[in-house]
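Derivation of every value follows stated rules applied to the coordinates shown; laboratory data play no part. Keep in mind it's a predicted model, so treat the numbers as computed, not measured. Because the Cβ atoms are built from the backbone with ideal geometry, glycine has one as well, and the counts that use them run over all protein chains shown.
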Amino acid sequence: MSNATLEYLSKSMNSNVLVSVKANYWLRGILRSFDQHLNLVMDNVEAIFTSEEGSENQILKIGKRVLIRGDNIVAISSPNLLK
């Protein structure tokens, strides 16, 4: 993992992040921990599914604390870093 990736994830700790996964949906939650394999531990995780038309989002609460395996991650966005 590059230094830029480590820095980005470190700055995102304890804040809300959006994680795109291979199953074609997004996970939203608070990033609590990560490792060199990009495994993430997140709190208060919700899955966001978009309809095929792209007009509706369905939100499903996943759990209070969730481990996401790094192999399933496509992208990570931290809206708080854009401010």
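Only lysine pairs 8 or more places apart or on separate chains count here, and in the chain those with Cα atoms under 22 Å apart total 4. A Cβ-based charge dipole, computed about the Cα centre of the chain with Lys and Arg at +1 and Asp and Glu at -1, lands at about 340 debye. Relative to the longest principal axis of the Cα atoms of the chain, the long axis of helix 3-12 lies at roughly 60 degrees. With θ taken as phi - 60° and the Karplus curve 6.51 cos²θ - 1.76 cosθ + 1.60 applied, the whole-hertz 3J(HN,Hα) list for region 58-68 is 10, 10, 10, 6, 8, x, 6, 9, 9, 9, 10 Hz, x standing for glycine and proline. Per the Cα gyration tensor, the chain maps to an equivalent ellipsoid with semi-axes of 21, 13, 13 Å, ordered largest to smallest.
The base-10 log of I(q)/I(0) for region 1-42, evaluated at q = 0.24 Å⁻¹, reads -0.86 [Debye formula, identical scatterers on Cα atoms, solvent excluded].
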